[in-house]
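Working notes, structure below.
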Amino acid sequence: MDDSFWAIFGATFVLLWGLIIVLARYLQARAQLRLREMIHREMILAMEKSVPLPEITSLAELAGPTEALWPRIKRLLPAFSLGVGFVLAGLGVGLAAAFYFAADSGLNKVWTLGLIPLFVGAGFLLYHRMAGRTTA
């Protein structure tokens, strides 16, 4: 098989998984919106009939585990971004050096692939620096 088949196959694979993830997130957001609308309707009907309002915890607890865990995630995110930033930056420097100094001339041509994780790691470190300033 030629190289164009694998390029098309890879692009199709990534596109399909991206569509699946977007569809799942859309369905999750729609279910969350329905829940909030139901709670709102129930409260309006209770107020119209002068019935005591039902006790509702927070919408974050009703919406699901992701929103209930958000305060903890928000607290851990700066430390996570620092660690991931250093790991990715080190990985990028190591890959670039390994490809650049490799004995194979084919690997010497692709040394710039190491720049991808290096810059992603630099982005995480920049985020950590900016998040540290906003919380201080």
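Laid out as a table, the results:
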read-out: Residue match in the stretch 26-33 (condition: modelled with pLDDT under 90 and among the aromatic types (F, W, Y)); value: no
read-out: Residue satisfying condition, being open to solvent by 60 Å² or more (accessible area, probe 1.4 Å) and not aromatic (F, W, Y), within set A97, A122, A103, A131; value: A103
read-out: Residue list for the stretch 94-110, filter: assigned to a helix (DSSP H, G or I) and modelled with pLDDT of 90 or more; value: G94, L95, A96, A97, A98, F99, Y100
read-out: Hey, T66 at pLDDT below 90, in a helix (DSSP H, G or I), of a type in the set (V, I, T) and open to solvent by 100 Å² or more (accessible area, probe 1.4 Å) or not; value: no
read-out: Of all residues making up the stretch 45-55, the number that are exposed (fewer than 10 other Cβ atoms within 10 Å of the Cβ) and assigned to a helix (DSSP H, G or I); value: 1
read-out: Filtered residues of the stretch 17-34 (kept if basic (K, R) and either open to solvent by less than 100 Å² (accessible area, probe 1.4 Å) or within 15 Å of the chain's Cα centre (by Cα) (or both)); value: R25, R30
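The values are calculated or read from the model by the stated rules, or taken from the named source; none is laboratory data. Just so you know, these numbers come straight off a predicted model, no measurement behind them. Counting neighbours? That spans all protein chains shown, and the Cβs are built from the backbone with ideal geometry, glycine included. With ligands, DNA and RNA removed, areas are computed over all heavy atoms of the protein, side chains included. Shrake-Rupley method; radii C 1.70, N 1.55, O 1.52, S 1.80 Å.
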